[in-house]
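The values are calculated or read from the model by the stated rules, or taken from the named source; none is laboratory data. Note that the structure is predicted; figures quoted are calculated from it, not measured. Positions of Cβ are backbone-derived with ideal geometry, glycine not excepted, and every protein chain shown enters the neighbour counts.
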Amino acid sequence: MAAVNETARRSMVAGNWKMHHDHLQAIRTVQEIGLRLPAEVLPRVEVVVHPPFTDLRSVQTVLEDRAISLVLGAQHCAGEDSGPFTGEVAAPMLARLGVRYVLVGHSERRHLFGQDDEQVAAALRAVLRHDMVPVLCVGETGQERAADETEAVLERQIRTATAGVRADQAASLVLAYEPVWAIGTGVTATPADAQQGCSHARRMLAASVDDTAARAARVLYGGSVVAENTAELMAGADVDGVLVGGASLQADSFCAIVAAAGSVRSG
Ligand code: 13P
């Protein structure tokens with residue numbers, strides 16, 4: 001198989017809305033994003049939104065009706081395809097709604113809702129089973145960082161989640177390095193820290209699955225990203241894009257991040 005040229009990786013900006021915006025607010029927001037998206041960068045930057053489950057059908061309809069170049073994502077899914085799992089949402093349900101990307105193992109699921117590495121692995125396999133793309137979120141807490149455990153944490157999270165994943169599946173995977181101490185805190189990792197974390201994550205994917213696949217997979221940084229720090233964060237050779245929380249909720253701040261991402265790589 002020919003070596004994968006690293007420049008072949010298309011940049012990505014993904015907005016994780018978390019538990020914000022009901023379906024009416026969601027419709028307004030994606031319409032506004034549609035009006036403001038800098039069209040000239042879209043060949044180089046893939047733009048994704050991850051609204052709450054209750055918004056997905058409405059957002060899907062608006063994107064289709066208005067031909068808005070946003071890709072639909074979800075924030076979580078169950079490891080099983082159906083069954084007595086009150087409150088959970090299954091991967092095939094998301095696939096039917098035109099969802100392409102599903103966040104798996106976001107730190108809020110891990111730390112606030114007790115999702116463990118095995119459950120993350122099951123969710124990742126469910127996403128792949130239904131021909132969607134997992135965005136595997138990994139990252140260390142402030143305490144783990146202070147104890148110099150960042151690499152070990154990333155290794156454990158990536159090894160467990162990708163057990164049994166084939167090289168062709170890993171090549172299209174998205175990893176998101178989101179240090180927990182940088183999420184929602186306004187404390188952004190330095191560009192050097194972001195690059196180091198993304199580079200560790202890529203190396204762990206290479207060690208766990210396949211080197212060529214790991215060079216093809218995209219790795220995002222997440223944690224207090226805003227338009228002003230996007231370009232410097234994405235300057236790192238292993239940082240292919242950003243996963244954005246707070247600054248993705250408003251069309252103007254989100255589109256400014258997309259524009260900044262578009263300025264980084266000429267494709
Ligand atoms: P903030 O951008 O609000 O720090 O959130 C990051 C995040 O958790 C994205 O998934």
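Some notes on this structure:
- Annotation for the stretch 188-195: at least one member residue is more than 26 Å from Glu118 (Cβ to Cβ), outside any helix (DSSP H, G or I) and of a type in the set (A, V, I, L, M).
For every residue, the table says whether it meets (1) of a type outside the set (A, V, I, L, M, F, W, C); (2) touching a residue at least 40 places away in the same chain (Cβ under 8 Å); (3) in a strand (DSSP E or B); (4) at positive phi.
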residue: Leu103; (1), (2), (3), (4): no, yes, yes, no
residue: Ala121; (1), (2), (3), (4): no, yes, no, no
residue: Leu124; (1), (2), (3), (4): no, yes, no, no
residue: Leu154; (1), (2), (3), (4): no, yes, no, no
residue: Gln157; (1), (2), (3), (4): yes, yes, no, no
residue: Asp168; (1), (2), (3), (4): yes, yes, no, no
residue: Thr185; (1), (2), (3), (4): yes, no, no, no
residue: Ala201; (1), (2), (3), (4): no, yes, no, no
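- Residue count for the stretch 209-245 under the criterion of being within 12 Å of the ligand (Cβ to nearest atom), touching a residue at least 40 places away in the same chain (Cβ under 8 Å) and in a loop (DSSP other than H, G, I, E, B): the result is 3.
- Residues being hydrophobic (A, V, I, L, M, F, W, C) and within 15 Å of Leu128 (Cβ to Cβ) - total across the stretch 51-107: 11
Listed here are the residues, each with its yes/no results for (1) among the hydrophobic types (A, V, I, L, M, F, W, C); (2) surrounded by fewer than 19 Cβ atoms within 10 Å (Cβ to Cβ); (3) in contact with a Cys (Cβ under 6 Å, 6 or more places away or on another chain).
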| site | (1), (2), (3) |
| --- | --- |
| Asp65 | no, yes, no |
| Ile68 | yes, yes, no |
| His76 | no, no, no |
| Pro92 | no, yes, no |
| Ser107 | no, no, no |
| Arg110 | no, no, no |
| Gly114 | no, yes, no |
| Ala123 | yes, no, yes |
| His130 | no, yes, no |
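- You will find that of Ala95, Ala26, the residue that is modelled with pLDDT of 95 or more, in a helix (DSSP H, G or I), under 22 Å from Ala217 (Cβ atoms) and more than 16 Å from the ligand (Cβ to nearest atom) is Ala95 and no other.
- Screening Arg66 with (1) within 16 Å of the ligand (Cβ to nearest atom); (2) closer than 18 Å to Val47 by Cα gives one miss only, at (1).
- Once the stretch 78-129 is narrowed to residues that are of a type in the set (D, E, K, R) and in contact with a helix residue (DSSP H, G or I) (Cβ under 6 Å, 6 or more places away or on another chain), the residue that is nearest to Glu140 (Cα to Cα) is Asp117.
- Flag set for Ala189, criterion: surrounded by 23 or more Cβ atoms within 10 Å (Cβ to Cβ) and within 11 Å of the ligand (Cβ to nearest atom).
- Among the residues making up the stretch 195-253, a single one is surrounded by fewer than 18 Cβ atoms within 10 Å (Cβ to Cβ), among the acidic types (Asp, Glu) and closer than 22 Å to Ala161 by Cα: Asp211.
- Here Glu108 clears all of (1) away from the ligand (no atom under 15 Å from the Cβ); (2) in a helix (DSSP H, G or I); (3) of a type in the set (Asp, Glu) except the condition numbered (1).
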